[in-house]
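The values are calculated or read from the model by the stated rules, or taken from the named source; none is laboratory data. Note that the structure is a prediction, hence the values are computed from the model and not measured. Here the Cβ positions follow ideal geometry from the backbone for every residue, glycine too, while neighbour counts run over all protein chains shown. Ligands, DNA and RNA are excluded from the accessible area calculation, which covers all protein heavy atoms including side chains. Shrake-Rupley method; radii C 1.70, N 1.55, O 1.52, S 1.80 Å.
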Amino acid sequence: NPIIQIKNVYKHYGDLTALNDVSLDIEKGEKVVILGPSGSGKSTLLRSINRLEQIDRGQIIVDGENIVDPANDINKIRQELGMVFQSFNLFPHKTVLQNLTMAPMKLKGVPKDEARETAMRLLTRVGIPDKAGVFPSKLSGGQQQRVAIARALAMNPKIMLFDEPTSALDPEMIGEVLDVMVKLAKDGMTMVVVTHEMGFAREVADRVVFMDYGQVVEVGPPTHFFENP
Ligand code: ADP
Ligand code: ADP
């Protein structure tokens, strides 16, 4: 079974149809990149997957759980879904280490020592083990985004959602964040990525989804989109 099943989803904001009959299945381990013009519904679709947006019609099933069903515990489902935003959204008054350990300790009851150990391993993985004790404001944008990725991974999610993770970064910092994402992809993580980085789409995506006016208008392998005639 696909790990994410999106079936005939509609989402309206007043008169505006942000998602118009969107259906899409995503397999475990698959890397899907969502492309499309600004306002085409990419972010709304991504946010609907962990119910940051509530859909009006249709079904979204994540790892066998219907996220729309109020009987299902959305907090439990969200633990399977790591999300990374354009604006890093770190807690400014917590150190990098605390940013990584807080949720696992509070939401999953992970003991402090174990949470710290995991956090340090993840900081090493994203290349900034030396930043554990500092506050986010002391970090570059690229470093903050790498912390945000590590923080999402600290919950040990099955799926990672990225909403324009490099769009707020200075150009010289985009590469260091993409490198972390490429590594994650190679490790087999299921990833859904909204990005304007065509190089990432071309090299990492198993499938590219092109959206326009709230609809999925094309789905195919990257070669389908980036072939040079
Ligand atoms: P994209 O990510 O492709 O740029 P979005 O999903 O952010 O597109 O937005 C899709 C459409 O829905 C846009 O027209 C946007 O203005 C509108 N929209 C998004 N969020 C809201 C909201 N909270 N209230 C009203 N309209 C919204
Ligand atoms: P991003 O590109 O990071 O998704 P957006 O500017 O699209 O940022 O959206 C930022 C926030 O504003 C989101 O919560 C989104 O739902 C909301 N939003 C986007 N478009 C509109 C809109 N037309 N009216 C009201 N809220 C909107």
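Are any residues in the range 36-57 in contact with a Lys or Arg (Cβ under 6 Å, 6 or more places away or on another chain), more than 20 Å from Gly82 (Cα to Cα) and within 6 Å of ligand 1 (Cβ to nearest atom), and if so, which ones?
Gly36
Are there any pairs, at least 6 apart or on different chains, whose C-beta atoms fall under 6 Å, with the first in the range 1-30 and closer than 18 Å to Pro157 by Cα and the second in a loop (DSSP other than H, G, I, E, B) and among the β-branched types (Val, Ile, Thr), and if so, which?
Cβ pairs passing all conditions: Lys28/Ile3.
Search the range 81-102 for residues that are open to solvent by less than 10 Å² (accessible area, probe 1.4 Å) and pair each with any residue that is in a loop (DSSP other than H, G, I, E, B) and within 12 Å of ligand 2 (Cβ to nearest atom) when their beta-carbon atoms are under 9 Å apart and the residues are at least 6 apart or on different chains.
The qualifying pairs are Val84/Pro165.
Scan the range 38-57 for residues that are within 12 Å of ligand 2 (Cβ to nearest atom) and exposed (fewer than 14 other Cβ atoms within 10 Å of the Cβ) and jot them down.
Ser38, Gln54 - these are the residues of the range 38-57 that are within 12 Å of ligand 2 (Cβ to nearest atom) and exposed (fewer than 14 other Cβ atoms within 10 Å of the Cβ).
Could you check, for the range 58-70, whether at least one of its residues is more than 22 Å from Met155 (Cα to Cα) and either within 16 Å of ligand 1 (Cβ to nearest atom) or open to solvent by less than 20 Å² (accessible area, probe 1.4 Å) (or both)?
yes
Could you list, in sequence order, the residues of the range 154-183 that are open to solvent by 10 Å² or more (accessible area, probe 1.4 Å), touching a helix residue (DSSP H, G or I) at 6+ places or on another chain (Cβ under 6 Å), hydrophobic (A, V, I, L, M, F, W, C) and under 22 Å from Leu45 (Cβ atoms)?
Result: Met155, Leu178.
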